[in-house]
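Notes follow once the structure below has been shown.
The values are calculated or read from the model by the stated rules, or taken from the named source; none is laboratory data. All values reported here derive from a predicted model rather than from experimental measurement. Cβ: placed from backbone, ideal geometry, glycine included. Neighbour counts: every protein chain shown. Only protein heavy atoms, including side chains, enter the accessible area calculation; ligands, DNA and RNA are left aside. Shrake-Rupley method; radii C 1.70, N 1.55, O 1.52, S 1.80 Å.
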Amino acid sequence: MKLICKLALALTIPALFLSCKTKATKKVIIWTSHPEFVSYSELFNATHNNVKAVVIYKDEVARALPPAKDEIKPDIIIGSWLKNSSTRKFFQPLDYMFQEGTLSRPAFYSQLIQYGSINEKQYLLPVSFNLPLMIFNKKNEVLIGTEHTLNLEQIKNVSGSFNKQSKTGTFTSMGYAPSWDPDFVYLASRMGGSSYFEKGISFMYDKEALKATIDNLRNWTTEKNKDTTTEQNFQFKYLYMPKYKQVTTGRCLLASTTSNYFFTLNDAQSSNISFRWIEQNSKIPVEEDLITMGIYKNALHTNEAEKFIAWFMKSETQETLIKRNESMNLDTVKFGIANGFSSIKEVNEKSYPASYRQLLGNLPPEESISLPNILPARWESLKSRVILPFLVDSTNTSVEQPELSLEDRISEWTKQYY
(Lines give C-alpha, C1' and ligand atoms only; values in the text may rest on other atoms or scores of the structure.)
Protein backbone atom coordinates (compact mmCIF):
# COMPACT_ATOMS: atom_id res chain seq x y z
CA MET A 1 0.00 0.00 0.00
CA LYS A 2 2.89 2.37 0.82
CA LEU A 3 4.27 1.82 -2.67
CA ILE A 4 0.90 2.71 -4.21
CA CYS A 5 0.69 5.86 -2.08
CA LYS A 6 4.21 6.90 -3.03
CA LEU A 7 3.50 6.35 -6.71
CA ALA A 8 0.33 8.41 -6.41
CA LEU A 9 2.30 11.17 -4.74
CA ALA A 10 5.00 10.99 -7.38
CA LEU A 11 2.39 11.54 -10.06
CA THR A 12 0.44 14.15 -8.10
CA ILE A 13 3.30 16.48 -7.20
CA PRO A 14 4.63 17.31 -10.69
CA ALA A 15 1.08 17.62 -12.03
CA LEU A 16 0.20 20.12 -9.35
CA PHE A 17 3.38 22.10 -9.89
CA LEU A 18 2.60 22.27 -13.59
CA SER A 19 -0.95 23.34 -12.82
CA CYS A 20 0.30 25.99 -10.41
CA LYS A 21 2.73 27.32 -12.99
CA THR A 22 0.20 27.33 -15.83
CA LYS A 23 -2.60 29.05 -13.97
CA ALA A 24 -0.36 31.34 -11.90
CA THR A 25 -1.96 30.14 -8.68
CA LYS A 26 -0.18 30.03 -5.35
CA LYS A 27 0.69 26.74 -3.71
CA VAL A 28 0.94 25.34 -0.19
CA ILE A 29 3.50 22.59 0.41
CA ILE A 30 2.42 19.88 2.84
CA TRP A 31 4.83 17.40 4.37
CA THR A 32 3.10 14.38 5.88
CA SER A 33 3.52 10.72 6.73
CA HIS A 34 -0.21 10.15 6.13
CA PRO A 35 -1.08 9.50 2.47
CA GLU A 36 -4.77 10.23 3.13
CA PHE A 37 -3.87 13.89 2.66
CA VAL A 38 -3.35 13.28 -1.04
CA SER A 39 -7.10 12.67 -1.34
CA TYR A 40 -7.87 15.59 0.99
CA SER A 41 -5.70 17.93 -1.07
CA GLU A 42 -7.50 16.86 -4.23
CA LEU A 43 -10.79 18.08 -2.79
CA PHE A 44 -9.13 21.27 -1.52
CA ASN A 45 -7.68 21.96 -4.97
CA ALA A 46 -11.02 21.28 -6.65
CA THR A 47 -12.74 23.86 -4.45
CA HIS A 48 -10.05 26.57 -4.42
CA ASN A 49 -9.02 28.49 -7.52
CA ASN A 50 -6.30 30.74 -6.14
CA VAL A 51 -4.28 28.20 -4.12
CA LYS A 52 -3.30 24.57 -4.66
CA ALA A 53 -2.00 22.05 -2.12
CA VAL A 54 1.04 19.94 -2.99
CA VAL A 55 1.61 16.89 -0.78
CA ILE A 56 5.08 15.48 -0.21
CA TYR A 57 5.19 12.12 1.55
CA LYS A 58 7.70 11.50 4.36
CA ASP A 59 7.94 8.12 6.08
CA GLU A 60 8.88 9.77 9.38
CA VAL A 61 8.02 13.41 9.07
CA ALA A 62 9.30 14.34 12.55
CA ARG A 63 12.75 13.00 11.71
CA ALA A 64 12.77 14.75 8.31
CA LEU A 65 13.18 18.12 10.03
CA PRO A 66 14.88 20.42 9.32
CA PRO A 67 14.63 20.26 5.53
CA ALA A 68 17.82 19.64 3.59
CA LYS A 69 19.23 22.57 1.62
CA ASP A 70 18.10 21.17 -1.73
CA GLU A 71 14.63 20.14 -0.54
CA ILE A 72 11.31 21.86 -1.20
CA LYS A 73 10.54 23.53 2.11
CA PRO A 74 7.23 22.68 3.76
CA ASP A 75 4.54 25.17 4.69
CA ILE A 76 2.45 22.69 6.69
CA ILE A 77 3.76 19.66 8.56
CA ILE A 78 1.37 16.86 9.54
CA GLY A 79 2.32 13.78 11.53
CA SER A 80 3.08 12.17 14.87
CA TRP A 81 5.78 13.00 17.45
CA LEU A 82 5.90 16.70 16.58
CA LYS A 83 5.90 18.14 20.09
CA ASN A 84 9.19 16.79 21.45
CA SER A 85 12.24 18.96 22.05
CA SER A 86 13.88 18.13 18.72
CA THR A 87 10.88 19.12 16.57
CA ARG A 88 8.85 21.78 18.39
CA LYS A 89 11.36 24.49 17.46
CA PHE A 90 10.41 24.17 13.77
CA PHE A 91 6.88 25.58 14.18
CA GLN A 92 5.38 29.02 14.47
CA PRO A 93 2.62 29.92 16.95
CA LEU A 94 -0.96 29.87 15.67
CA ASP A 95 -2.74 31.79 18.42
CA TYR A 96 -3.69 34.53 15.96
CA MET A 97 -5.90 32.08 14.06
CA PHE A 98 -8.04 31.73 17.18
CA GLN A 99 -7.92 35.43 17.98
CA GLU A 100 -9.11 36.29 14.45
CA GLY A 101 -11.91 33.71 14.66
CA THR A 102 -10.48 31.50 11.91
CA LEU A 103 -10.40 28.62 14.38
CA SER A 104 -12.46 27.96 17.51
CA ARG A 105 -10.97 26.40 20.65
CA PRO A 106 -14.30 25.00 21.94
CA ALA A 107 -14.67 23.06 18.69
CA PHE A 108 -11.72 20.85 19.67
CA TYR A 109 -11.40 18.34 22.48
CA SER A 110 -9.93 20.40 25.29
CA GLN A 111 -7.17 17.88 26.09
CA LEU A 112 -6.14 17.63 22.45
CA ILE A 113 -5.91 21.36 21.85
CA GLN A 114 -3.91 21.71 25.05
CA TYR A 115 -1.54 19.02 23.82
CA GLY A 116 -0.49 21.35 20.98
CA SER A 117 0.34 24.17 23.38
CA ILE A 118 3.98 24.93 24.20
CA ASN A 119 4.84 27.58 26.78
CA GLU A 120 1.22 28.80 26.66
CA LYS A 121 1.33 29.31 22.90
CA GLN A 122 -0.52 27.18 20.35
CA TYR A 123 2.10 25.73 18.00
CA LEU A 124 0.32 22.54 16.94
CA LEU A 125 -3.27 21.68 16.10
CA PRO A 126 -4.66 18.19 16.78
CA VAL A 127 -5.85 16.29 13.70
CA SER A 128 -6.86 12.80 14.78
CA PHE A 129 -6.41 10.17 17.48
CA ASN A 130 -7.18 6.52 18.26
CA LEU A 131 -8.26 4.62 21.36
CA PRO A 132 -7.64 1.06 22.62
CA LEU A 133 -10.45 -1.48 22.77
CA MET A 134 -11.29 -5.13 23.30
CA ILE A 135 -13.31 -6.98 20.68
CA PHE A 136 -15.45 -10.09 21.27
CA ASN A 137 -18.11 -12.23 19.63
CA LYS A 138 -21.57 -10.69 20.00
CA LYS A 139 -22.94 -14.01 21.22
CA ASN A 140 -20.73 -13.57 24.30
CA GLU A 141 -22.12 -10.12 25.12
CA VAL A 142 -23.83 -11.43 28.26
CA LEU A 143 -20.48 -12.69 29.60
CA ILE A 144 -18.83 -9.28 29.42
CA GLY A 145 -20.93 -7.70 32.16
CA THR A 146 -20.26 -4.04 31.30
CA GLU A 147 -21.90 -1.66 28.87
CA HIS A 148 -19.18 0.53 27.35
CA THR A 149 -15.76 -0.08 28.94
CA LEU A 150 -13.54 -2.73 30.50
CA ASN A 151 -10.69 -2.12 32.93
CA LEU A 152 -7.73 -4.45 33.43
CA GLU A 153 -9.20 -6.23 36.44
CA GLN A 154 -12.47 -6.82 34.60
CA ILE A 155 -10.62 -8.14 31.54
CA LYS A 156 -8.68 -10.52 33.78
CA ASN A 157 -11.76 -11.84 35.55
CA VAL A 158 -14.09 -12.15 32.59
CA SER A 159 -11.42 -13.86 30.49
CA GLY A 160 -10.61 -16.25 33.32
CA SER A 161 -14.26 -17.28 33.62
CA PHE A 162 -14.22 -18.25 29.92
CA ASN A 163 -11.35 -20.73 30.38
CA LYS A 164 -12.05 -24.44 29.89
CA GLN A 165 -9.74 -27.43 30.24
CA SER A 166 -9.95 -31.02 29.14
CA LYS A 167 -9.67 -33.95 31.55
CA THR A 168 -5.94 -33.99 30.91
CA GLY A 169 -5.63 -30.32 31.94
CA THR A 170 -5.15 -28.99 28.41
CA PHE A 171 -6.88 -25.68 27.73
CA THR A 172 -9.61 -26.02 25.10
CA SER A 173 -10.62 -22.36 25.44
CA MET A 174 -8.86 -19.38 26.99
CA GLY A 175 -10.50 -16.00 27.49
CA TYR A 176 -7.43 -13.82 27.09
CA ALA A 177 -3.73 -13.89 27.90
CA PRO A 178 -1.33 -10.94 28.36
CA SER A 179 1.45 -12.71 26.48
CA TRP A 180 -0.63 -12.84 23.30
CA ASP A 181 0.01 -9.20 22.49
CA PRO A 182 3.07 -7.15 23.58
CA ASP A 183 1.15 -3.96 22.75
CA PHE A 184 -1.45 -4.91 25.36
CA VAL A 185 1.29 -5.37 27.96
CA TYR A 186 2.64 -1.96 27.02
CA LEU A 187 -0.84 -0.43 27.28
CA ALA A 188 -1.21 -2.01 30.73
CA SER A 189 2.07 -0.41 31.78
CA ARG A 190 0.81 2.99 30.63
CA MET A 191 -2.46 2.59 32.49
CA GLY A 192 -0.55 1.35 35.52
CA GLY A 193 1.22 4.69 35.81
CA SER A 194 4.60 4.01 34.20
CA SER A 195 4.44 7.58 32.84
CA TYR A 196 6.91 7.35 29.97
CA PHE A 197 8.16 10.81 29.03
CA GLU A 198 10.92 12.43 27.00
CA LYS A 199 14.32 12.90 28.60
CA GLY A 200 16.90 14.14 26.12
CA ILE A 201 17.18 11.63 23.27
CA SER A 202 15.77 8.89 25.51
CA PHE A 203 13.04 8.71 28.16
CA MET A 204 12.24 8.41 31.86
CA TYR A 205 9.55 6.37 33.58
CA ASP A 206 8.12 5.46 36.98
CA LYS A 207 10.10 2.39 38.04
CA GLU A 208 7.79 1.38 40.87
CA ALA A 209 4.67 1.64 38.74
CA LEU A 210 6.30 -0.39 35.97
CA LYS A 211 7.34 -3.09 38.43
CA ALA A 212 3.80 -3.20 39.85
CA THR A 213 2.36 -3.67 36.36
CA ILE A 214 4.80 -6.49 35.60
CA ASP A 215 3.93 -8.23 38.88
CA ASN A 216 0.19 -7.87 38.21
CA LEU A 217 0.48 -9.35 34.73
CA ARG A 218 2.61 -12.26 35.94
CA ASN A 219 0.03 -12.96 38.65
CA TRP A 220 -2.74 -12.80 36.02
CA THR A 221 -1.00 -15.45 33.96
CA THR A 222 -0.31 -17.82 36.86
CA GLU A 223 -3.74 -17.33 38.43
CA LYS A 224 -5.87 -17.71 35.29
CA ASN A 225 -3.80 -19.40 32.58
CA LYS A 226 -1.19 -21.51 34.43
CA ASP A 227 1.97 -20.03 32.87
CA THR A 228 3.27 -18.08 29.89
CA THR A 229 4.29 -21.23 28.00
CA THR A 230 0.72 -22.51 28.21
CA GLU A 231 -0.63 -19.18 26.94
CA GLN A 232 1.72 -19.10 23.99
CA ASN A 233 1.15 -22.76 23.09
CA PHE A 234 -2.60 -22.10 23.04
CA GLN A 235 -2.09 -19.04 20.84
CA PHE A 236 0.13 -21.00 18.44
CA LYS A 237 -2.38 -23.85 18.21
CA TYR A 238 -5.65 -21.93 17.93
CA LEU A 239 -5.13 -18.21 17.31
CA TYR A 240 -3.05 -18.06 14.15
CA MET A 241 -5.63 -15.96 12.27
CA PRO A 242 -6.46 -12.20 12.30
CA LYS A 243 -7.89 -10.86 15.54
CA TYR A 244 -11.41 -10.42 14.25
CA LYS A 245 -11.46 -14.13 13.39
CA GLN A 246 -9.93 -15.18 16.70
CA VAL A 247 -12.97 -14.08 18.69
CA THR A 248 -15.41 -15.86 16.38
CA THR A 249 -13.73 -19.28 16.66
CA GLY A 250 -15.08 -19.88 20.15
CA ARG A 251 -11.56 -20.59 21.40
CA CYS A 252 -10.98 -17.19 23.00
CA LEU A 253 -13.24 -14.50 24.38
CA LEU A 254 -11.30 -11.28 23.78
CA ALA A 255 -8.72 -9.72 21.49
CA SER A 256 -7.07 -6.36 22.11
CA THR A 257 -6.75 -3.83 19.32
CA THR A 258 -7.35 -0.16 18.48
CA SER A 259 -10.14 1.89 16.93
CA ASN A 260 -8.38 2.32 13.60
CA TYR A 261 -8.13 -1.47 13.23
CA PHE A 262 -11.67 -2.32 14.28
CA PHE A 263 -13.46 0.40 12.33
CA THR A 264 -11.73 -0.44 9.06
CA LEU A 265 -13.10 -3.99 9.10
CA ASN A 266 -15.75 -4.49 6.45
CA ASP A 267 -19.30 -5.55 7.28
CA ALA A 268 -18.61 -9.21 6.67
CA GLN A 269 -15.65 -9.14 9.05
CA SER A 270 -17.30 -7.16 11.85
CA SER A 271 -20.96 -8.18 11.67
CA ASN A 272 -20.65 -10.66 14.56
CA ILE A 273 -18.23 -8.60 16.65
CA SER A 274 -18.76 -6.04 19.40
CA PHE A 275 -16.28 -4.08 21.53
CA ARG A 276 -15.55 -2.28 24.79
CA TRP A 277 -13.15 0.63 25.31
CA ILE A 278 -10.21 -0.20 27.57
CA GLU A 279 -10.06 2.15 30.54
CA GLN A 280 -8.44 2.50 33.92
CA ASN A 281 -9.71 4.82 36.64
CA SER A 282 -12.39 6.08 34.24
CA LYS A 283 -9.77 7.22 31.71
CA ILE A 284 -9.27 5.86 28.20
CA PRO A 285 -5.67 6.45 27.05
CA VAL A 286 -5.20 7.97 23.61
CA GLU A 287 -2.77 6.04 21.42
CA GLU A 288 0.60 7.77 21.51
CA ASP A 289 0.93 8.39 17.77
CA LEU A 290 -1.85 10.99 17.66
CA ILE A 291 -1.56 13.26 14.62
CA THR A 292 -1.00 17.00 14.81
CA MET A 293 -0.32 19.72 12.25
CA GLY A 294 1.53 23.01 12.33
CA ILE A 295 2.96 25.72 10.10
CA TYR A 296 6.71 25.52 9.48
CA LYS A 297 8.49 28.48 11.04
CA ASN A 298 10.23 29.32 7.73
CA ALA A 299 7.17 28.71 5.55
CA LEU A 300 7.15 30.59 2.26
CA HIS A 301 3.38 30.43 1.85
CA THR A 302 1.96 31.17 5.29
CA ASN A 303 -1.26 32.73 4.01
CA GLU A 304 -1.95 29.71 1.82
CA ALA A 305 -1.15 27.40 4.74
CA GLU A 306 -3.72 29.25 6.85
CA LYS A 307 -6.32 28.76 4.13
CA PHE A 308 -5.73 25.01 4.00
CA ILE A 309 -5.86 24.67 7.78
CA ALA A 310 -9.01 26.80 8.06
CA TRP A 311 -10.67 24.69 5.36
CA PHE A 312 -9.57 21.36 6.81
CA MET A 313 -10.62 22.19 10.37
CA LYS A 314 -14.21 22.99 9.42
CA SER A 315 -16.65 20.30 10.54
CA GLU A 316 -18.42 20.58 7.18
CA THR A 317 -15.17 19.82 5.35
CA GLN A 318 -14.41 16.76 7.45
CA GLU A 319 -17.95 15.45 7.08
CA THR A 320 -17.53 15.76 3.30
CA LEU A 321 -14.16 14.00 3.42
CA ILE A 322 -15.62 11.05 5.33
CA LYS A 323 -18.52 10.68 2.89
CA ARG A 324 -16.16 11.08 -0.06
CA ASN A 325 -13.88 8.30 1.18
CA GLU A 326 -16.86 5.99 1.64
CA SER A 327 -18.19 6.72 -1.83
CA MET A 328 -14.83 5.87 -3.42
CA ASN A 329 -15.17 2.33 -2.00
CA LEU A 330 -11.44 1.60 -2.08
CA ASP A 331 -9.58 -1.08 -0.14
CA THR A 332 -7.16 1.63 0.98
CA VAL A 333 -9.85 3.71 2.72
CA LYS A 334 -8.85 4.42 6.31
CA PHE A 335 -10.89 5.07 9.43
CA GLY A 336 -12.54 8.47 9.76
CA ILE A 337 -10.23 11.46 9.45
CA ALA A 338 -6.55 10.60 8.88
CA ASN A 339 -7.21 7.05 10.10
CA GLY A 340 -8.63 8.05 13.46
CA PHE A 341 -11.23 9.99 15.38
CA SER A 342 -11.39 13.64 14.47
CA SER A 343 -10.02 16.22 16.89
CA ILE A 344 -13.26 18.16 16.32
CA LYS A 345 -16.03 17.03 18.67
CA GLU A 346 -18.94 17.80 16.35
CA VAL A 347 -17.52 15.60 13.59
CA ASN A 348 -17.24 12.61 15.91
CA GLU A 349 -20.68 13.15 17.38
CA LYS A 350 -22.55 13.67 14.10
CA SER A 351 -20.64 11.97 11.30
CA TYR A 352 -18.93 8.98 12.87
CA PRO A 353 -22.03 7.16 14.20
CA ALA A 354 -23.64 7.53 10.76
CA SER A 355 -20.62 5.93 9.10
CA TYR A 356 -19.67 3.50 11.87
CA ARG A 357 -22.90 2.19 13.34
CA GLN A 358 -21.29 0.58 16.38
CA LEU A 359 -20.34 4.05 17.61
CA LEU A 360 -23.99 5.04 17.95
CA GLY A 361 -24.43 5.74 21.66
CA ASN A 362 -20.92 4.46 22.30
CA LEU A 363 -18.65 7.47 21.82
CA PRO A 364 -16.41 8.09 24.84
CA PRO A 365 -17.20 11.38 26.60
CA GLU A 366 -14.62 14.14 26.32
CA GLU A 367 -13.67 13.97 30.00
CA SER A 368 -12.77 10.27 29.75
CA ILE A 369 -9.93 10.80 27.27
CA SER A 370 -6.37 10.99 28.62
CA LEU A 371 -3.34 11.98 26.57
CA PRO A 372 0.21 10.61 26.63
CA ASN A 373 3.21 12.54 27.85
CA ILE A 374 5.63 14.22 25.46
CA LEU A 375 7.75 11.53 23.84
CA PRO A 376 10.96 11.66 21.75
CA ALA A 377 10.85 11.68 17.96
CA ARG A 378 12.29 8.15 17.85
CA TRP A 379 9.75 6.76 20.28
CA GLU A 380 8.50 4.06 17.92
CA SER A 381 12.05 2.69 17.67
CA LEU A 382 12.56 2.89 21.44
CA LYS A 383 9.25 1.20 22.07
CA SER A 384 9.72 -1.66 19.59
CA ARG A 385 13.41 -2.30 20.25
CA VAL A 386 13.68 -1.54 23.97
CA ILE A 387 10.44 -1.40 25.92
CA LEU A 388 8.38 -4.17 24.29
CA PRO A 389 11.19 -6.79 24.44
CA PHE A 390 11.79 -5.89 28.08
CA LEU A 391 8.10 -6.19 28.94
CA VAL A 392 7.77 -9.50 27.10
CA ASP A 393 10.77 -10.94 28.98
CA SER A 394 9.70 -9.49 32.32
CA THR A 395 6.14 -10.81 32.20
CA ASN A 396 7.22 -14.29 31.10
CA THR A 397 6.52 -16.52 34.09
CA SER A 398 9.07 -19.04 32.84
CA VAL A 399 11.82 -16.50 33.49
CA GLU A 400 12.56 -15.16 36.97
CA GLN A 401 14.32 -12.06 35.72
CA PRO A 402 15.19 -10.80 32.21
CA GLU A 403 18.82 -11.02 31.17
CA LEU A 404 19.05 -7.28 30.48
CA SER A 405 17.50 -4.55 32.60
CA LEU A 406 15.55 -1.77 30.94
CA GLU A 407 18.44 0.62 31.63
CA ASP A 408 20.89 -1.75 29.90
CA ARG A 409 18.61 -1.98 26.88
CA ILE A 410 18.29 1.79 26.68
CA SER A 411 22.07 2.09 26.79
CA GLU A 412 22.51 -0.48 24.00
CA TRP A 413 19.89 1.26 21.85
CA THR A 414 21.59 4.63 22.34
CA LYS A 415 24.98 3.24 21.30
CA GLN A 416 23.48 1.73 18.18
CA TYR A 417 21.40 4.67 16.97
CA TYR A 418 23.35 7.72 18.20
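Tabulated data
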read-out	value
Max mean-square fluctuation residue, GNM over the chain, Cα-Cα springs under 10 Å, options 371, 321, 360	360
Gain on full stretching of the segment that runs from residue 195 to residue 298 - 0.36 nm per residue minus C-alpha separation	33.7 nm
Under Karplus coefficients 6.51, -1.76 and 1.60, residue-wise ³J(HN,Hα) of the range 371-385 in Hz, glycine/proline x	9, x, 6, 6, 10, x, 4, 9, 5, 4, 5, 4, 5, 6, 9
Full-extension gain in nm, residue 148 to residue 267, via 0.36 nm per residue minus C-alpha separation	40.7 nm
Cα gyration tensor, the range 275-356 - rounded (a/c under 1.5), prolate or oblate	oblate
Three-way shape call for the range 115-271 based on the alpha-carbon gyration tensor, with the a/c threshold at 1.5	oblate
FRET efficiency for residue 120 and residue 357, using Cβ-Cβ distance with R0 set to 30 Å, rounded to 0.05	0.15
Gaussian network model of the chain, springs between alpha carbon atoms under 10 Å - residue of 279, 400, 153 with greatest fluctuation	400
Accessible carbon and sulfur surface of the chain relative to its total accessible area, %, 1.4 Å	50
Interchain or long-range residues, amide H under 5 Å from residue 369's placed H	284
Calculated FRET value between residue 400 and residue 85, using beta carbons and R₀ = 25 Å, to 0.05	0.10
Descending principal axes extents, the chain, alpha-carbon based, whole Å	79, 47, 39
Estimated dipole of the chain in Debye, rounded to 20 [Cβ of Lys and Arg +1, of Asp and Glu -1, Cα centre]	820
Most fluctuating residue given options 237, 58, 226, as computed from a GNM of the chain linking Cα atoms under 10 Å	237
Potential extension, residue 69-residue 237 segment - 0.36 nm per residue separation minus Cα distance	55.1 nm
Derived scalar couplings ³J(HN,Hα) [the range 218-235; Karplus, 6.51 cos²θ - 1.76 cosθ + 1.60; whole Hz; x for Gly, Pro]	5, 5, 4, 4, 6, 6, 9, 10, 6, 7, 5, 4, 5, 4, 6, 5, 5, 4
FRET efficiency, 1/(1 + (r/R0)^6) with R0 51 Å, evaluated for residue 202 and residue 47 via beta carbons	0.70
Which listed pairs, of 226/383; 121/334; 211/345; 121/199; 27/89, have C-alpha distances above 30 Å, in listed order	121/334; 211/345
